[in-house]
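The values are calculated or read from the model by the stated rules, or taken from the named source; none is laboratory data. In this text the structure is predicted, and so the values were computed from the model without any measurement. Cβ placement follows ideal geometry from the backbone for every residue including glycine, while neighbour counts extend to all protein chains displayed. For accessibility, only protein heavy atoms count, side chains too; no ligands or nucleic acids. Shrake-Rupley method; radii C 1.70, N 1.55, O 1.52, S 1.80 Å.
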Amino acid sequence: ETLQRIVSTLVNKNDEIHNFIDMLNHTISNVQVNSSNAISELDEEFDGLYSVLHEMKGSMANTIQQEEARKIQALQDQLSQCSRALESSEELLELAVQSLDIKNPAKLLEAARQIKDSVTVASAFRLSLKPKVSDSMAHMMVDFALEKRMLQAVKFLPVPKAPEIDVAACLVADNCITVSWRMPEEDSRIDHFVLEYRKTNFDGLPRLKGEQHWELIDYIKATQYTLSGLKFDTKYVNLRVQACNKAVAGEYSDPVTLETKAFVFSLDSTSSHLNLKVEDTYVEWDPTGGKGQEKIKGKENKNRSNAASPKRATNSPRASARGSRDRFAGESYTVLGDTAVESGQHYWEVRAQKDCKSYSVGVTYRNPGKFDQLGKTNSSWCIHVNNWLQTTLSAKHNNKAKTLDIPVPDRIGVYCDFDGGQLSFYNANSKALLHSFRTKFTQPLLPGFMIWCGGLTVSTGLQVPSAVKTLQKSENGLSGSTSSLNNVA
């Protein structure tokens, strides 16, 4: 047995060495290939530099030639003028010499007068005997001393340093995360940044096991980026940033963890009305839902109604929040959320189908009666929409209704401040307040939804919008914002 263990150990070690040799050979091959690629890229860069210099040389040589042509043309023009003036002057000089041979005084006087008049207007006396242009071309010279020093300083691109995320400048609000970072020192060669994020339920450093994969946002040019349209179905998010130049990426920044407060729940299909088709966050009224099911009486029915759902463990927090109870029945076409609100401030939204005839959105204490309807008991609060002959909106509590003379939005936002004893409903698009209840909640609250002829879609994992927070502050200072339906428990 000892020998077998030794042999087995030796075999394993041999396999490890073989694998390591294969890895080294593969690495050598990669080094050769990558080196060849690097040389090819280097050739391309220098060829590009040569091309730029050759183009610049041609352009500058062309400028010199144009300057040469301009100066020669100016001098040739001046030379032509001088030649014409000299020819005219020589003719006058010959005429003057001939005049000296005239013996008749009158004729001599007349010739002298003509010569005088011709000399007075002769072009030779108006010429500037100085070249119009200089023969110097020194102003067309270049000095590449600085450029030579720059070229001699060319080195391989350095690896960018890791950015530093500025946690104080990061912002988590309105289902968005704005991340801000900076470089430890200025680096003009940075081409872009890469941002990675992943959701987590741990508030510490990222863990190797049990974590989601990093989501990547590439080619960010600025030192700030906003992740929008997020669903905060976890408690935190990890973030890290990487700087990249044209050739290489640097190390990632130290990851940071930001808290993402939000309320997440699903619809509880196990105790909803049989006429409701319930999915995770969608409920639809089905008039045939309860007709095709057998009514089991006696002990068997009792046992079945109290049996736990096979999809949910009885010791789960959502199951315990819901409690064990019968399905809603009668005209209580109701479904509840599976997670209770026990403290804090929470927000969710509801969108109804356009053909929905009647629906209610609100909250209720645990374990309502199976025939109870939202807003018709002293332990439930809701806003009700009726789309029959005309569309009406009303707030209901304790079997009392208050008609709200405002348009019905296509999305309704629900804000629940459990500790502050406030339940408010908003136009989810404009964040305009629809109605507020004020009370003292004495038990955990479950989101509740009633639907008849149509369907509702629930959006959870949402933060309390900044606009709602602002409205809450202003509303808390107005006594007229409370309703006569409010109940102090």
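Subtracting the Cα-Cα distance of Leu3 and Gln76 from their residue separation scaled by 0.36 nm leaves 15.6 nm. Counting only residues at least eight positions apart within a chain, or on another chain, the aspartates and glutamates with an alpha carbon under 15 Å from that of Lys231 are Asp174, Glu215, Glu259, Asp280, Glu349. Its Cα centre serving as origin, the chain has a Cβ charge dipole (Lys and Arg +1, Asp and Glu -1) of approximately 3200 debye.
Using θ = phi - 60° in the Karplus curve 6.51 cos²θ - 1.76 cosθ + 1.60, the 3J(HN,Hα) couplings for segment 54-69 round to 5, 5, 5, 4, x, 5, 5, 4, 5, 5, 4, 5, 5, 5, 4, 5 Hz; x is entered for Gly and Pro.
The listed peptides 378-385, 270-277, ordered by packing as a protection proxy, come out as 378-385, 270-277 (highest mean of other Cβ atoms within 10 Å first). Considering only Tyr426, His397, Val458, the residue lying farthest towards the positive end of the dipole of segment 334-476 is His397, judged by Cα position with unit charges set on Cβ.
Evaluating 6.51 cos²θ - 1.76 cosθ + 1.60 at θ = phi - 60° for every residue in segment 32-38, the Karplus couplings come out as 5, 5, 5, 5, 4, 5, 5 Hz, glycine and proline recorded as x. Evaluated with a Cβ-only charge set (Lys, Arg +1; Asp, Glu -1), segment 164-259 carries a dipole of roughly 300 debye about its Cα centre, given to the nearest 20.
The calculated FRET efficiency for Asp419 paired with Lys473, based on their beta-carbon distance and R0 = 22 Å, is about 0.90. Where (i) 21.7; (ii) 38.1; (iii) 56.1 are the candidate values, the label of the one calculated here for mean projected area of the Cα convex hull in nm² is (iii).
When Lys431, Lys148 are compared by accessible area at a 1.4 angstrom probe, the order from most to least is Lys148, Lys431. Close amide H pairs (under 5 Å, H built 1.01 Å from N) link Leu404 with Leu393, Ser394, Ala395, residues at least 5 positions away or on another chain.
Which shape class applies to segment 38-136: rounded if a/c is under 1.5, otherwise prolate when a/b exceeds b/c and oblate if not, where a ≥ b ≥ c are the square roots of the Cα gyration tensor eigenvalues? Because a/c hits 1.5 or more and a/b exceeds b/c, segment 38-136 counts as prolate. Taking each of Lys155/Lys246; Lys235/Lys396; Lys400/Lys469 in turn, the alpha-carbon distance tops 25 angstrom for Lys235/Lys396; Lys400/Lys469.
Within the assembled protein chains, the solvent-accessible surface assigned to Val172 is about 40 Å², based on a 1.4 Å probe. Between Ala432 and Asn427, the built amide H atoms are under 5 Å apart, and every one of these is 5 or more places off in sequence or on another chain.
Residue by residue, segment 371-382 carries 3J(HN,Hα) couplings of 9, 5, 10, 4, x, 9, 10, 7, 10, 9, 9, 7 Hz when phi is fed to the Karplus relation 6.51 cos²θ - 1.76 cosθ + 1.60 (θ = phi - 60°); x denotes Gly or Pro. Expressed as an acute angle from 0 to 90° and rounded to the nearest 10, what is the orientation of the C-alpha long axis of helix 466-476 relative to the principal long axis of the chain? In the chain, helix 466-476 runs at an angle near 60 degrees to the longest axis. Figure note: His435, His18 ranked by solvent-accessible area, largest first, 1.4 Å probe, ligands and nucleic acids not counted: His18, His435.
Nothing charged except the Cβ atoms of Lys and Arg (+1) and of Asp and Glu (-1): what's the magnitude of the dipole of segment 333-419 about its Cα centre? Round to the nearest 20 debye. Display every interim value, and only then the final one.
Details: 10 positive and 9 negative charges, 79 e Å.
Dipole of segment 333-419, to the nearest 20 debye: 380 debye.
Between helix 105-120 and the chain there is an angle of about 20 degrees, using the helix long axis and the longest principal axis of the Cα atoms.
Segment 110-146 and segment 71-86 have Cα centres lying 8 Å from one another. Per residue, segment 164-259 exposes an accessible area of 60 Å² to a 1.4 Å probe, with every protein chain left in place. Carbon-plus-sulfur accessible fraction, the chain (probe radius 1.4 Å, protein heavy atoms only): 53%.
Of Val248, Gln32, Ala329, whose Cα points farthest to the positive end of the dipole of the chain (charges on the beta-carbon: +1 Lys, Arg; -1 Asp, Glu; origin at the Cα centre)? It is Ala329, whose Cα lies furthest towards the positive end. Comparing Cα centroids, segment 214-251 and segment 348-376 end up 40 angstrom apart.
By the compact-protein rule of thumb, 2.2 N^0.38 Å, the alpha-carbon radius of gyration of segment 164-259 corresponds to a ratio of 1.07. Which of Ala96, Ile17, Gln65 sits farthest toward the positive end of the charge dipole of segment 1-138, with +1 on the Cβ of Lys and Arg and -1 on the Cβ of Asp and Glu? The residue sitting farthest along the positive end of the dipole is Ala96. Using a probe of 1.4 angstrom and keeping all protein chains present, the accessible surface of segment 1-86 works out to 84 square angstrom per residue.
For Arg411, nonlocal amide neighbours, meaning residues 5 or more places apart or on other chains whose placed amide H falls under 5 Å from its own, are Ala428, Asn429. Surface calculation, 1.4 Å probe, protein heavy atoms: Glu215 sits at approximately 100 Å² accessible.
At full extension, Ser188 and Asp166 could sit 5.9 nm farther apart than now, given 0.36 nm per residue minus the alpha carbon distance.
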